[in-house]
Every structure is written in C-alpha cells, then in structure tokens.
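J.: Dumping the structure here so I can ask a few things about it.
The values are calculated or read from the model by the stated rules, or taken from the named source; none is laboratory data. Computed from a prediction, not measured in an experiment: that's the story for all the values here. Cβ placement follows ideal geometry from the backbone for every residue including glycine, while neighbour counts extend to all protein chains displayed.
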Ligand SMILES: Nc1ncnc2c1ncn2[C@@H]1O[C@H](COP(=O)(O)OP(=O)(O)OP(=O)(O)O)[C@@H](O)[C@H]1O
Ligand SMILES: [Mg+2]
C-alpha cells in the first residue's frame, strides 16, 4: 500500500513536468529501439549465413583445375582443364573421403513448350546429390547407369521448375536443351541463397557423360571443371586435404618444388569464416546500439540530478513531515524506473516496427527473438536503477533542515 | 509526577565557521515544557529562536546536551526514527507555510498520513475533516498558490494536525500575516490548546500574539533571559 502511494507520488511528479519526462524518455526510446533493431538485423544476417552454410552441404572441398599461380602469372582456378573424371574416382577411394562428384557445368537454355530459361547445367554423377545433401522433392535423381549410357535425363532446380512449369509437376515431361530432348526425372528441394548471394536453385543436372559428349562438346575429352568432395567428418578435413593434394600431385606427376596444377578449397572453413565475420558484425552492431542506451541512461541520471536539486525544498518538506529516507529514495528511484521502462517499451515497439520495415521494405532478413526483448528490458531496468540510484540516494540523504533552508 | 513532554538539559548548538572554528548560538539551555502548555518564545532577531525550534522539531540535532521528547532521548535515534517522531509526535508550522505548490490542499494535508502508512480512503476522509476544522472545507481541491496567506497557514496547521500529534511547534506562524488574520490563526491555536489539550510552542515577535500563550520564554543571545507567565513578563515590559 505504501509502495502504491509512492508510485502515485512518482507519477504525479512526472506528470508535473511532462515535457522533461518525455525528453528523458526519448533517450531510452532511442537506445532501446536501436538495440532491438540492430539485434534483429544482426541476428537476421547470422540466420541467413547459417542457412546458406547448412544448404551448402557439410565438410565440403572443391577442387578446381588449374593452379592459383602459373609461371608467375596468376590464373583463375578452373581456367586450364587439368582434372579428369578418373582423378575424381581416385579421390573417392581415399579413406577420408565419403563421396566425390566430378562436375562439368555450362550455361544453356532449357525450353519447355513456349517457355525458356537459361541456367547453369551441371554434368555430374549421382554422388553430387550426396555431396551437396540435396534431395528431390518429386521424382528421382539419375543413376550410375544413366551416366554410363549418357542418358538424356535431367534433374531441375526449383527456380528452373518455377520458370518453366509454374506450379505444375515437371517429372516425366520432356524439355529441350540445345535442341536435344531431355526427360525430366526429378525436381530438387529448394536450397535458397548461397553465401555469396547466388540462387542455388537456378540450376539443372544431367549425367556427366551426357554433358561432355552431347551438350558441350569437350575440346579436352575426359576433362572436367571441378570436383566436389565430402570428407567423412569435420575432424578429418585437414587430413583429407593433405591426402587430396598428395594424391593429385602423384597422379599429375608433379615433381617436388613444382607448383600444383589444381586448387583445393575447404568450403566449410570458408563458410565458418563467413559465419564468424557475421557474428562479429552482429556483436558490433549491438555494441554500437548499446552506446545509445548508455547515453539514454546518463540522460536519466542527468535529469534526475537536476530534479533532485530543483526539488530540494520539496524533499525538505517531505522529510519534515515524516518521510523516511527509504520513502524519498523509492520515490525518486521509481521515477527513474518508470522513465526507463516506459521508454524501453516504446523503444522496443519502435525497434520492432523498424525491423519489420527493414524486412518488408528493405528486403532484409531480420530475426526478433524473445531473448533480445528480454535483454532490452533487463538492460532498461538496470539502467533505470543504476543511473537513478545515485540521484535518489542523494535526495534521501539530505538533512531535513538543510533541505528546508535551500535557497 | 508525570515526566514533562519536552525536557532540555544543557542544550548547546554551534555552527562551524571558517575552517576550524565554531560559533556557539545556543548556550547551555535548560527548561521543561509539560503536556498541555501553550508557550511563546520571544527574543531579538538572531537570538537563536529558530535554531532552538528546529532542534525541538527534530529537524536539526543539538551539538551538546540532551533533548528528551515524550520520554525519549532524541540523541539515541537514527534518521528514520527521527522521521517517525516528526511524523507522529510533532506538527511543525513554518513562517513560510512550506506547502507543496503543485499538490491540492487536500493532498498537502494528507501527506503526513501517507508517510504514516494510512490508506487512501482514510487519508482523504481525515484531510477533509481537518480542513473543515480550520475553516477551509470548501477549498479542498485548490492548490496553495490560489489561496491567501492566512488560508495557506490554515492548510499548514491542518497538515500539522494530521497524525494527531501531542505537540505543535510554530516558528513565527503569523510573521507573514496581517494583524486581523494573525488573530484568527492565534484563536485557532488557542482553541486547539484549550479543546484538544495540544501542547503548543510558538515563536513570535508580536507581544499581541504572545499574549495568547500562558507562558513566555524570553531568549536573548542564546540564553534564556526570562521564563514565566506571559501576563507577568509582558505586563512588566509595558509598565
Ligand atoms: N546554518 C547556519 N550556519 C551558521 N550560522 C547560523 C546558521 N543558522 C543560523 N545561524 C546563526 O544563528 C543565529 C541565530 O539564528 P536564528 O535563525 O535562530 O535566529 P532567530 O532568533 O530565529 O532570528 P529571527 O527572529 O530573525 O528569526 C544567527 O546569528 C544566525 O546567523
Ligand atoms: Mg527565526
């Protein structure tokens, strides 16, 4: 009951100085709003990255033909074809490697009826789907016998399906690629964006041999562009990388001291780096936003100090008629707390609206979690108590006679 | 023999001046006031009357000696116990009223009850009753700045009476009021003393105001120069 009365006193005092209370609150509103918004954006970025990483497939290497440097001239990986399907096969025999997929991609137009869509057509083996952890949502993927017979079958990514077939099921239909008919045997589950922002679903797969012999006449028969390999486990990746390099050097008869004619990239490590960068970025966003929260808190303290000084006489009168120290302390502390809590409530609402706008208008991925809301409120309450306590105690410790005599 | 309401023994008050020196304002005062007395304190400006009243009101603490209020040695009390004493045992009326200007008259009067932990309904009822008692029942919702000086002092007196304390201390309660209004206020004090048996100690410069009291303490330069029945002392001064 006593607490309720003091709460009323605090509210009355705030009501008597509405503009000042509102301006003090504004500091908290901006602080909490910034924290909520920045955390939503940071966590959104993190969620996007981890989704991209998950969709990539785990424990992944990509081996590109061509060295990163060649005779002092830097060349892009994959520019000079040096890898063969038999290299891929040999890699698959390594104990650390779970699956391996030779890849021979090229762009081509896929036509169905009056629709056409240009996409990256990947010549590969059935293991590709294992390496990428990629499963069909309808139909199936091709088999080794399809590869052996260079069958004219094709598996479509979701973007291709959407552009050629709309909502129809493509399985069993015939599409044309470079004037050859291909039977659609499967449609893949959607994977979304890759780490570098490409649409992973904008692709189609055909058997490696079909791509090499029938679609993209190969000037270097048997050559492939790159090999994807999946290690048995995360822990095995360093050893697998070592073995890979040794194996390929031996197969390509590269003498010690000579440069590799291929490039091995640990995609999983690259992805972890990207995830780490995003996490750092997100923490930094939060930290920057927290500074405004701190500034808001200092604003509360500043105003409360002014208020205590200004109301010294009032405090003196209250003490003279029997207010105890805790009564005065609580009244001022409550004022600070109300300002910070109401401010944070409004700030959180504004932060949510901002996050929603960023998502709907800005097309950003944002994630608002319960923990970020709780964090905002805990911090706001802590700020209120922390920055309100000193001025409140200053008021409570006033000697009645001195407070009454003030000016 | 019942113990007196106020007992002052060798009371000293000094203020620090400069870096190390002190200035003694009240010099070893000794007096007692019994419950039900109406005492006026007079004396030249700067003689230490307000200093004494602030100590009696537990707003300030003595530098030496003892102040026993209602059987309790105030030196032994912590600030919160002193606050409780100010809340329940003492009603203080100031020369400058000391009302909270933003609060209504009713809320001002009810404030000591709030700190006594009285419920809202009881507070409102009691405040209304007190305001009627001082003749301001029709001004409940006004704020102090909207009232005349005399009316404000009535509000302050109602506030002093809120927790029914046995002791009312008033430091020049009529100092800011004209003669006619002063008479009204003094009549109110006299009635409270006569009808409710309240002990009243008030400081004044006006012999006409002091004449309402039965006893007069004359303070000069921090000493008690005279202490006796008002009629005797004032009668002699006029002669
Ligand atoms: N805080 C203080 N520090 C130093 N000296 C003080 C302080 N308060 C009062 N004094 C001194 O104590 C003396 C007595 O002051 P006090 O206010 O008690 O006088 P008074 O009798 O009430 O005078 P008046 O009739 O004008 O109200 C004065 O000389 C004053 O300057
Ligand atoms: Mg005085």
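J.: Just to check your reading of the model, which residue among A:337, A:305 is touching a helix residue (DSSP H, G or I) at 6+ places or on another chain (Cβ under 6 Å), surrounded by 17 or more Cβ atoms within 10 Å (Cβ to Cβ) and part of a helix (DSSP H, G or I)?
T.: A:337
J.: Determine which member of the set B:117, B:197, B:150 is under 17 Å from residue A:9 (Cβ atoms) and either more than 18 Å from the chain's Cα centre (by Cα) or more than 13 Å from every other protein chain (Cβ to nearest Cβ) (or both).
T.: After applying the criteria, what remains is B:117.
J.: Oh, and also: Does the stretch B:95-105 include one or more residues that are more than 27 Å from residue B:122 (Cα to Cα) and either at the interface with chain A (Cβ under 10 Å from one of its Cβ atoms) or in contact (Cβ under 8 Å) with a residue 60 or more places away in the chain (or both)?
T.: yes
J.: For the stretch A:158-187, give me the residue count where each residue is in a loop (DSSP other than H, G, I, E, B) and closer than 11 Å to residue A:138 by Cα.
T.: Total meeting the criteria: 4.
J.: Could you give me the residue pairs with C-beta distances under 6 Å whose first residue belongs to the stretch A:285-300 and is free of Cβ contacts under 8 Å to residues at least 24 places away in the same chain, whose second residue is crowded, with 18+ Cβ neighbours inside 10 Å wherever it lies, and which are 6+ apart or on separate chains?
T.: The qualifying pairs do not exist here.
J.: For residue B:18, state whether it is surrounded by fewer than 16 Cβ atoms within 10 Å (Cβ to Cβ) and within 13 Å of ligand 1 (Cβ to nearest atom). Show your work before the answer.
T.: Numbers: surrounded by fewer than 16 Cβ atoms within 10 Å (Cβ to Cβ): yes; within 13 Å of ligand 1 (Cβ to nearest atom): yes.
Yes: the conditions hold for residue B:18.
J.: Need the failing condition index for residue B:70 against (1) more than 9 Å from every other protein chain (Cβ to nearest Cβ); (2) within 16 Å of ligand 1 (Cβ to nearest atom); (3) crowded, with 18+ Cβ neighbours inside 10 Å, just the number.
T.: Failed condition: (2).
J.: I need the full set of residues from the stretch A:142-154 which are crowded, with 21+ Cβ neighbours inside 10 Å and part of a loop (DSSP other than H, G, I, E, B), in order please.
T.: Scanning the stretch A:142-154 gives a single hit, A:142.
J.: Also, quick follow-up: Just to be sure I understand, how many residues within the stretch B:75-108 are more than 16 Å from ligand 1 (Cβ to nearest atom) and under 17 Å from the mean Cα position of the chain (by Cα)?
T.: Of the residues in that region, 11 qualify.
J.: Oh, and also: Among A:117, A:134, which is in the same structural domain as residue A:188 (by TED's automatic domain parsing), touching a helix residue (DSSP H, G or I) at 6+ places or on another chain (Cβ under 9 Å) and assigned to a loop (DSSP other than H, G, I, E, B)?
T.: A:134
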